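Accompanying notes for the structure given below.
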Amino acid sequence: MMEGRQLAHSLVSLKGAHLRFVYVMLHDLNFWDLVSSKTKDLVSKEQSAHFYEWLQKEADKLNVVKDEELQLDLLLELSKALKLPMRLLDDPYKVIKQCEEIIEEAFQQLQKQYKDFAKSFDQFPEKNKVEFLVHWEMTQLYRHMNAQKSKAEKETAAMIWVDEMLAFIGQLPTYQQEQLKERIHLSEWTKAELHAALSDDPFLVFTAIVEKTGFGFYKYLLQCFSNTGQASAFAPQEAAYFSWMTNPDLLLSLIFKGGGILYRYQNLLFNKGLLPMVLFETMLPYLADQLSEEEQDEELAIINRSWNKRFDDYRNMLRSVNEKVQKQNDWKKGLSILEEELREVETVLRQTEAYNQQLHGKLTQQLKKDPARPYFGELSVRNNRLQEDLRRVEAKLAKQEKEKKGIIGAVSTFIKSSYYQTEKTQLEKKIDKVFNDMSALVLDKYHDYEPELVLEIHLSDDELVKLNSRKQEIQRKIDKFTEKLTEAKQQEKQMRSAIAEAEKQTYGLSQLYKAAMEEQTFSQHNER
């Protein structure tokens, strides 16, 4: 539990630029950005500042994100990189438990990777895995810095920071200097003897000094490195911890140290190669500048609040989606009812239209055959004229039928008959139009003519008006329901996109929500 508490406190202690650099290193640093030919200048010796500038640029993008959100995201990224299941982080104890599992898993990974890891831990008197991991990574960093220096000078170079360490130890009380001398097996605090001790076992030297002076010793060593390079522009409190990242060659060698990433897995496990350094960067500031545990415990609630807000927002989005789906179902159900109603109205409308046409046709035919029909003025005069024209054309057609003699006569008769037939058809249409007008006039003014038929036509006309009005009203409702359904579908799509983004941002969110709902359902079932 102590280790989990230390990592949890480290997360909430990490703030500002340092927090953003650590997050970028774990979340945004891509393997191919470092080693592909397209971006090789990112880590080239000639462009060593390029990588640090990229890192800084990516970190600056996160300035719009609050520290507490990034602290939670860093915890989530650590869990995701180690493929650990998440838990509901709704109280500080659960944050500590999650951090405890992160430390344990990272410890197991390093133990599998390095043969001397377990042996070194067995010799570590404190048996605190968080502190051991920091010692281990600081030693790895120190060894690689020296290796890079030797490589650059093409010969075995002197161990770095020997003078600085002697100056640091020289400020300690005499009794502490003597205790350290005995612990490290030195006869005197000389440059040569300290150089030899560091060459032989830097882990022993580091842990012995930190045991007496605290983890601020590591901060002091890193500040020695931060006095030069791009990071020197930052505040010493920040630059002391991440200044080594200004050297991309060092970063690559640290990532690949011990052959930790096999070629076929490099794109999948890259974050695991970075993870020990991320833990180192996260935990060292807390150990070096530690506040009281009471103050830190209070700050753990920041992660709880961030988590609870995301969980509540996610739950509300899912509820909103369910409401949108329910609304769509309601709109669909209403639309189905309206469409069925429209079909029924259209069926009745077609039947009524057919019956109405029959009634109008019946009135028109009655007018045609009734010699005692009313006098309609101009319409009656026109009808008489057209009837005379029709009889004349029919007579000509009858005459042509009698004159069919020989081939030439037959052709001539056919042509004339076709002409007369066309004229007859046109006259019949005009007569029909006249009687239709008469029929309309009867319905408008001559109600005494066939009163029962006229009344029935009027009733049928009124029914058609009502049915058409009802059809239009239903169609307007269908159009409105269709519009609402389309709108609800679009809103659901947008919300599901937001839900997917929330699940992507917050590792384990959907699984934890599902588990919480299942637990709630189970509890309700038992209560019954």
Evaluate the following for Lys466: is it closer than 30 Å to His360 by Cβ, basic (Lys, Arg) and either open to solvent by 70 Å² or more (accessible area, probe 1.4 Å) or assigned to a helix (DSSP H, G or I) (or both)?
yes
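Residues are listed down the side, and each one gets a yes or a no for (1) modelled with pLDDT of 95 or more; (2) more than 30 Å from the chain's Cα centre (by Cα); (3) small (Gly, Ala, Ser); (4) open to solvent by less than 40 Å² (accessible area, probe 1.4 Å):
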residue	(1), (2), (3), (4)
Ala440	no, yes, yes, no
Tyr446	no, yes, no, no
Asp462	no, yes, no, no
Ile474	yes, yes, no, yes
Filter the helices (runs of 4 or more DSSP H) completely within the stretch 133-218 down to those with at least 2 residues that are under 25 Å from Ser120 (Cα atoms) and either in contact with an Asp or Glu (Cβ under 9 Å, 6 or more places away or on another chain) or small (Gly, Ala, Ser) (or both).
174-184, 191-200, 202-213
Matching residues in the stretch 498-521 - criterion: being closer than 15 Å to Arg310 by Cβ and of a type in the set (Gly, Ala, Ser)
Ala498, Ala500, Ala502, Gly508, Ser510, Ala516
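Every residue, every condition in (1) modelled with pLDDT under 80; (2) among the β-branched types (Val, Ile, Thr); (3) open to solvent by 40 Å² or more (accessible area, probe 1.4 Å); (4) out of contact with any Pro (no Cβ under 9 Å at 6 or more places or on another chain), yes or no:
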{"position": "Lys149", "(1), (2), (3), (4)": "yes, no, yes, yes"}
{"position": "Met159", "(1), (2), (3), (4)": "no, no, no, no"}
{"position": "Leu194", "(1), (2), (3), (4)": "no, no, no, yes"}
{"position": "Lys212", "(1), (2), (3), (4)": "no, no, yes, yes"}
{"position": "Ser226", "(1), (2), (3), (4)": "yes, no, no, no"}
{"position": "Ser232", "(1), (2), (3), (4)": "yes, no, yes, yes"}
{"position": "Ala235", "(1), (2), (3), (4)": "yes, no, yes, yes"}
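Name every residue in the stretch 362-395 that is in a helix (DSSP H, G or I) and open to solvent by less than 30 Å² (accessible area, probe 1.4 Å), in order of residue number.
Leu363, Thr364, Leu367, Ser380, Asn383, Leu386, Leu390, Val393
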So Leu300 fits all but one of (1) surrounded by 13 or more Cβ atoms within 10 Å (Cβ to Cβ); (2) more than 30 Å from Tyr220 (Cα to Cα); what number is the exception?
(2)
Based on this model, can you work out whether Gln56 counts as at pLDDT 85 or above and either part of a loop (DSSP other than H, G, I, E, B) or among the polar types (S, T, N, Q) (or both)?
no
Anything in the stretch 73-93 that is in contact (Cβ under 8 Å) with a residue 24 or more places away in the chain, in a helix (DSSP H, G or I) and not hydrophobic (A, V, I, L, M, F, W, C)? List them, or say none.
Asp73, Glu77, Ser79, Lys80, Pro92
In the stretch 441-493, which residues are basic (Lys, Arg) and closer than 30 Å to Gly377 by Cα?
Lys445
Looking at Glu137, Glu153 in this structure, which one is crowded, with 20+ Cβ neighbours inside 10 Å and charged (D, E, K, R)?
Glu137
Every pair of residues 6+ apart whose Cβ atoms lie under 6 Å, when the first sits in the stretch 472-491 and is within 21 Å of Glu344 (Cβ to Cβ) while the second is of a type in the set (A, V, I, L, M, F, W, C) and open to solvent by less than 60 Å² (accessible area, probe 1.4 Å)
Ile474/Leu338; Ile474/Leu342; Lys477/Leu338; Ile478/Leu338; Phe481/Leu335
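The values are calculated or read from the model by the stated rules, or taken from the named source; none is laboratory data. What you are looking at is a predicted structure, and each value in this text was computed from that prediction instead of being measured. As a convention, Cβ positions derive from the backbone with ideal geometry for all residues, glycine included, and neighbour counts pool all protein chains shown. Please note that ligands, DNA and RNA were not included when accessible areas were found on the heavy atoms of the full protein model with its side chains. Shrake-Rupley method; radii C 1.70, N 1.55, O 1.52, S 1.80 Å.
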